[in-house]
1. Farther than 30 Å from I49 by Cα and free of Cβ contacts under 8 Å to residues at least 60 places away in the same chain: is that true of T123 in this structure?
2. Conditions first: (1) surrounded by 16 or more Cβ atoms within 10 Å (Cβ to Cβ); (2) in contact with a strand residue (DSSP E or B) (Cβ under 9 Å, 6 or more places away or on another chain); (3) not aliphatic (A, V, I, L, M). P161 passes all but one, so which condition is the exception?
3. Do you know which of the residues in segment 1-17 that are of a type in the set (S, T, Y) and at pLDDT below 65 is nearest to A144 (Cα to Cα)?
4. M133 is checked against (1) of a type outside the set (D, E); (2) buried (at least 17 other Cβ atoms within 10 Å of the Cβ); (3) in a helix (DSSP H, G or I) and fails just one. What number does that condition carry?
5. Where residues in segment 18-47 are farther than 14 Å from F149 by Cβ and hydroxyl-bearing (S, T, Y), which of them is modelled with the highest pLDDT?
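The values are calculated or read from the model by the stated rules, or taken from the named source; none is laboratory data. Note that the coordinates shown come from a computational prediction; the quantities given were computed from them, not determined experimentally. Heads up, the Cβs are rebuilt from the backbone with ideal geometry, glycines too, and the neighbour counts pull from every protein chain shown.
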Amino acid sequence: MSRTQPRFGATVRVGNYRVESHYLRFAADELRRYQGRKHSLRVMEDSVIRGTSITDNLGMPRGTDVSNPTHNAAMRLMDVNDPTFKRRAHLRVWVNSTDELLRSLPNEQQQIIRLIYWEGDLTILGVARRLNMAMPTVNRHRNAALLAFAVHVIGDQILIPLEH
C-alpha cells in the first residue's frame, strides 16, 4: 500500500467511540454536497411549479372554472408521473433530514460545519482563528458532527465502543 492511499479500516477516536475514518470522510463528502443538493431541489420544484400541466401541453381546453394556482402548483408537485418526482422526493428527504440533524447539533458544531463545508474557503486553522478556538477543539467538534451525521445516515453499527 502506498503512503498516498488512506488505510481502509483506520480508526479515529470520537468521544467514547472509535469509528473507521472512511465513515467520517463519507459524511464530509455528503455535507459538501448539501448546498448543491438544496439548490437543485429548489430549482426542480420551481420549474415544476411554474410549468404547465400535461393537459395544457396536449392542447386540451382548460375549462371555465376559476383558477386556483396554489392548488394547481401543489398538484403538479405531487404528480408521481412527473419525470422528476422520484429525484425531487429523494432530495427533499435528504435535505430535510440533514437540516433536522444540523439543528440538533450544538452551536459550535453547526458553525464549524458551515465554515468548513459550505463557505469552503477556510482551513481548520482559519476556522479556529475565526471562532477563537484551538485547532484540536475545532477538530474534535468537527469529528463529533461528522460522526453524528454518519450515524444518522448509516446507523450506529459503525460505532466501536472504547474498551476501558
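1. Yes, satisfied.
2. (1)
3. The selected residue is T4.
4. For M133, the failing item is (3).
5. Filtering first and then ranking leaves S21.
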